[in-house]
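Okay, structure first, notes after.
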Amino acid sequence: MKKLNTIIVLTISILFLFVGGSKVQAASTRTVVDNTGKKVKIPKKVKRVADLWHANNPIFLMLGGEDKLVATTKLIHDNALLTDLYPSVKKQAVPFNGESFQMEELIKQKPDVVISSDPAQIETIKKADIPAVNSMFQDFSGLKKTVALTGAIIGGRANKKAKTYNAQLNSDIKEVKHRVSKAKSKPSVLHIVDKTDLTKVDGKKTIVDQWISTAGGKNAIKTKGNMIQISAEEIIKSNPDIIIIGGTTNKKALKLLKKDSRFSSLKAVKNKKVYGNPTGIFALDRYSAEEDLQIWWAAKLFHPKQMKDVNLKKKFSNFYVKYFDHKFTDKQLDKILSGEVIK
């Protein structure tokens, strides 16, 4: 009988430890839903984050995550303006250079969570028992999800700032759309990815297409896709009213197309309606927290009459103070608006 009582007590003790341990484990974790809809368990208090998607790093920093960042990408590490605003980023590990990924380097940093945009990379990281979330997006809705997800990972005040940002983005999209709806026509707009290849463009069903539409324009390219390769003939046939080139200045953008015999006769080139896309802390045209500024810039460009009372420099200045706690000089704002990179 005494032996039986001992067995019962031991069994109860084991069950208690098992159930209690499970409760402790559950209490120490929480669940977030990433942009693919997957539920990912992460520590209740996240202290160390590896952000391996270039575009998500400015969002992470905007929401106050600088002291939690332990690993980044080479593009962010080499971003002079960003690292001037957030010096500690320059000290962080760089396990991803945009092409190759060093898993050993990532593990050394002991991240609580990894943020990525690459499904294959995420699967590799998960096999090492490190929580990883996918924050990739292709439209405004996805951008808002990413901001909310990043805020949830950081926790605390970041959640509130994420909600503030998303509310402003919603409000600004609504206001810009209302303003440009009064215009009689919509200019056709060609967005070239960057100066290295003038036939790599952004088509339909992309965030570029969405901001063009929001700002009262229409995409000159009818093919669907992000950063797609098309023929020079297709561009010539589209003959856009306005051409925007990412990653360059207004002067260089026009010069590039004037020099290219394939495109020098385009309507936009002849009318000098060729522009470099603004570049701030990150490129404004794609996957950026500064997407909120992109719609104002584009709307002013497409419909100056409807946007004549909008002071872009003031709009940009207020945004950076509010979300990045930094006041740029007038000269710096001029550089951002003209597509020059501030160093």
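Here's a check for you: in region 238-247, which residue that is in contact with a strand residue (DSSP E or B) (Cβ under 7 Å, 6 or more places away or on another chain) and at pLDDT 95 or above is nearest to Thr223 (Cα to Cα)?
Here the residue is Ser238.
Can you name the residue in region 45-61 that is open to solvent by 10 Å² or more (accessible area, probe 1.4 Å) and in contact with a helix residue (DSSP H, G or I) (Cβ under 7 Å, 6 or more places away or on another chain) and, of all such residues, is farthest from Phe137 (Cα to Cα)? Talk me through it step by step, then tell me what you get.
Narrowing region 45-61 to residues open to solvent by 10 Å² or more (accessible area, probe 1.4 Å): 45, 47-48, 53-54.
Now narrow it down to the ones that are in contact with a helix residue (DSSP H, G or I) (Cβ under 7 Å, 6 or more places away or on another chain): 47-48, 54.
Details: Lys47: 25, Arg48: 23, His54: 13 Å.
This residue is Lys47.
Got at least one residue in region 121-142 being touching a residue at least 40 places away in the same chain (Cβ under 8 Å), buried (at least 19 other Cβ atoms within 10 Å of the Cβ), assigned to a helix (DSSP H, G or I) and within 14 Å of the chain's Cα centre (by Cα)?
Yes, region 121-142 contains a residue that is touching a residue at least 40 places away in the same chain (Cβ under 8 Å), buried (at least 19 other Cβ atoms within 10 Å of the Cβ), assigned to a helix (DSSP H, G or I) and within 14 Å of the chain's Cα centre (by Cα).
Suppose we keep only residues that are surrounded by 21 or more Cβ atoms within 10 Å (Cβ to Cβ) and under 17 Å from Gln294 (Cβ atoms) within region 246-279. Which one would you say is farthest from the chain's Cα centre (by Cα)?
Ala253
Which members of region 143-170 meet the condition of being hydrophobic (A, V, I, L, M, F, W, C), touching a residue at least 60 places away in the same chain (Cβ under 8 Å) and open to solvent by 20 Å² or more (accessible area, probe 1.4 Å)?
Of everything in region 143-170, just one residue is hydrophobic (A, V, I, L, M, F, W, C), touching a residue at least 60 places away in the same chain (Cβ under 8 Å) and open to solvent by 20 Å² or more (accessible area, probe 1.4 Å), namely Ala152.
All but one of (1) outside any helix (DSSP H, G or I); (2) of a type in the set (Gly, Ala, Ser); (3) under 30 Å from Lys144 (Cα atoms) hold for Ser317, so report the exception by its number.
Result: Ser317 passes all but (1).
Please find, within region 280-329, the residue that is surrounded by the fewest Cβ atoms within 10 Å (Cβ to Cβ) out of those that are out of contact with any helix residue (DSSP H, G or I) (no Cβ under 7 Å at 6 or more places or on another chain) and acidic (Asp, Glu).
Asp309
The values are calculated or read from the model by the stated rules, or taken from the named source; none is laboratory data. Note that the structure is predicted; figures quoted are calculated from it, not measured. All Cβ positions, even for glycine, are placed from backbone atoms using ideal geometry, and neighbour counts span all protein chains on display. Each accessible area value is taken on the protein alone, full model and side chains, heavy atoms only, with ligands, DNA and RNA left out. Shrake-Rupley method; radii C 1.70, N 1.55, O 1.52, S 1.80 Å.
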